[in-house]
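Here, each number is a calculation from the coordinates, and none is a lab measurement. Because the structure is a prediction, the values reported are computed rather than measured. FYI the Cβ positions are ideal-geometry reconstructions off the backbone, even for glycines, and counts take in every protein chain you see.
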Amino acid sequence: MIVIILCAIFYILYIPCSFSLFKRRENACYKLMLYICLIDCSALWLLGFCKDGLWMTESAAQIFLAVNRCIAILSPNTETFFFKGSRTYFWLTIVTFYGIYVAIFTKPQLYTGIIFSWAFNPYLGYIADTDSTYVNYVHTVHDTSIAIILPSIYVLFYLFLLHKSKGSGSKAVSNKQKMLFIQILIIGFIHLVGCLLYASFTYINYPVESFTLLKVYGFLLTAFLLLFI
């Protein structure tokens with residue numbers, strides 16, 4: 001009941017956020033953020049069904065969002081070449097098909113009453129998956145890759161920006177760009193933490209009750225924080 005109430009509240013709050021992003025959709029980064037917003041709304045409702053496909057779609061889109069913001073500040077001409085106009089939809093199409101592939105052709109998470117949540121191993125809590133029968137390797141590789149690629153993008157961006165600032169001797173980044181970048185950095189950090197938890201869950205035996213609470217309410221907290229970012 002608590003989850004249903006929270007999801008209903010989040011849906012209402014997402015309406016003005018989505019409308020604001022839609023009005024600014026001429027900018028590539030707002031197209032990407034609107035896409036992520038729509039995926040978030042879908043994931044709130046489809047918390048079990050197709051959840052993995054939606055999660056991987058959203059976190060993959062976050063990579064493109066991070067790349068877009070970094071090159072927009074470092075090289076606006078490059079950002080225009082790759083993301084101008086309808087070119088952004090090309091990248092979103094790739095991400096969408098990737099999510100569809102995950103949802104249809106990889107092992108899904110199944111609901112188990114033992115932990116009152118979804119898990120790849122439906123017998124989690126009383127039968128160990130010693131043969132890795134239920135392991136979704138695509139999911140593991142995805143989360144591990146996101147956990148590596150996302151911080152790497154921001155580290156490289158910082159180094160290039162530092163070099164560019166020293167070379168130009170002027171403030172090449174506007175306050176608006178800085179604030180937008182900080183927002184996206186926070187969004188990226190939220191996804192990074194989620195990926196690390198899921199990737200490690202396959203190999204580390206967390207207390208079932210604690211992980212279940214963290215998984216469900218952590219996901220809802222993520223959706224809540226994204227509304228204000």
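Can you compute 3J(HN,Hα) from phi for each residue in the stretch 57-65, using the Karplus curve 6.51 cos²θ - 1.76 cosθ + 1.60 with θ = phi - 60°, rounded to whole Hz and x for Gly and Pro?
5, 5, 5, 5, 5, 4, 4, 5, 5
Where Lys and Arg each count +1 and Asp and Glu each count -1, what net charge lies around ALA60 among other residues with Cβ under 13 Å from its Cβ?
Taking every other residue near ALA60 into account, the sum is -3.
Quick query: amide H of LEU110 versus all other amide H atoms, modeled in the peptide plane; which residues come in under 5 Å with a sequence gap of 5 or more or a different chain?
ALA119, PHE120
Which order results if LYS51, LYS84 are arranged by neighbouring Cβ count within 10 Å, fewest first?
Ordered by Cβ neighbours within 10 Å, fewest first: LYS84, LYS51.
Taking the Cβ of TYR30 as the center, what net charge do the other residues with Cβ under 12 Å away carry, scoring Lys and Arg +1 and Asp and Glu -1?
Overall, the nearby charge balance is +4.
Using a/c under 1.5 as the rounded threshold, could you call the stretch 11-107 rounded, prolate or oblate? The axes a ≥ b ≥ c are square roots of the C-alpha gyration tensor eigenvalues, and prolate needs a/b larger than b/c, oblate otherwise.
Judged from the Cα gyration tensor, the stretch 11-107 comes out oblate (a/c at least 1.5, b/c at or above a/b).
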